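I have placed the structure first, in the form of structure tokens, so that the comments after it can refer back to it.
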Amino acid sequence: AGAVLNRSGRDDLVALRAANEVFGGSFLSRINVDLRETKGWSYGVGSGIGSEENRVSFVIRAPVQADRTGDSIRVLRAQLNDFYTKAGVTAAELERTVNGNIRELPGNFETSGAVLGSVQRIVALGRPDDFYETLPQKYLAMTSAGLDREFRSVIDPNALVWVVVGDAKTVKPQLDGL
């Protein structure tokens, strides 16, 4: 599923990406834990916020068992609706996301190629030269309510376009009820 968002790659997307990390952007995200770890219908499910310069995208990728396609879409819709309306970022999810993002920052500079890539992103997206230096403070200032507000103000669950690829004989009957 996906949508083009009303945000630019030049906008400050740090909070939106952090909120998405909780929903689907990390291994411990809600949708991956549910569909992979709890239900066993997929080897890995995730979502992401694009890095396009003009209009960024929100995409959910969910390669699942063909016989669980319809069930998986129902679960993803329910998870997104819950996250969007009532079950936002918890204190534990916020702490894990903030700590993880701060601790992985040095990895952006481990090789000359990584340094070059970071500099290229700064230049291409018009970021200040100290962009990476200021990220820890941005993460530490985040709140669960702030992440919920950012996610809910940008992503509309009803605006997603769902694309399903699979054996029509197996998958289509599951989609008819959706």
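The values are calculated or read from the model by the stated rules, or taken from the named source; none is laboratory data. This one's a predicted model, so the numbers in the text were calculated from it and none came from an experiment. Cβ placement follows ideal geometry from the backbone for every residue including glycine, while neighbour counts extend to all protein chains displayed. SASA here: full protein model, heavy atoms, side chains in, ligands and nucleic acids out. Shrake-Rupley method; radii C 1.70, N 1.55, O 1.52, S 1.80 Å.
Of the helices (runs of 4 or more DSSP H) that lie entirely inside segment 1-117, those containing 3 or more residues that are open to solvent by 50 Å² or more (accessible area, probe 1.4 Å) and either without any contact (Cβ under 8 Å) to a residue 12 or more places away in the chain or of a type in the set (Lys, Arg) (or both) span 69-85, 91-104.
For first residues located in segment 120-136 and farther than 14 Å from ASN54 by Cα, partners that are of a type in the set (Val, Ile, Thr) and in a helix (DSSP H, G or I) and lie 6+ apart or on another chain with Cβ distances below 7 Å form the pairs ASP129/ILE122; PHE131/ILE122; LEU135/VAL14; PRO136/ILE102.
Contact map, segment 155-178: residues that are under 30 Å from VAL56 (Cα atoms) paired with residues that are surrounded by 13 or more Cβ atoms within 10 Å (Cβ to Cβ) and polar (S, T, N, Q), Cβ distance under 7 Å, separation 6+ or inter-chain. Pairs shown: PRO157/ASN81; VAL164/THR69; GLY166/THR69; VAL171/THR69. Within the option set ARG96, ARG61, ARG68, being out of contact with any Lys or Arg (no Cβ under 6 Å at 6 or more places or on another chain) and over 29 Å from VAL164 (Cβ atoms) holds for one residue only, ARG96.
This table checks each residue for (1) under 22 Å from PHE23 (Cα atoms); (2) part of a helix (DSSP H, G or I); (3) open to solvent by less than 70 Å² (accessible area, probe 1.4 Å); (4) not aliphatic (A, V, I, L, M).
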{"position": "TYR132", "(1), (2), (3), (4)": "no, yes, yes, yes"}
{"position": "PRO136", "(1), (2), (3), (4)": "yes, yes, yes, yes"}
{"position": "ASP148", "(1), (2), (3), (4)": "yes, yes, yes, yes"}
{"position": "ASN158", "(1), (2), (3), (4)": "yes, yes, no, yes"}
{"position": "VAL163", "(1), (2), (3), (4)": "yes, no, no, no"}
{"position": "GLY166", "(1), (2), (3), (4)": "no, no, yes, yes"}
{"position": "GLN174", "(1), (2), (3), (4)": "no, yes, yes, yes"}
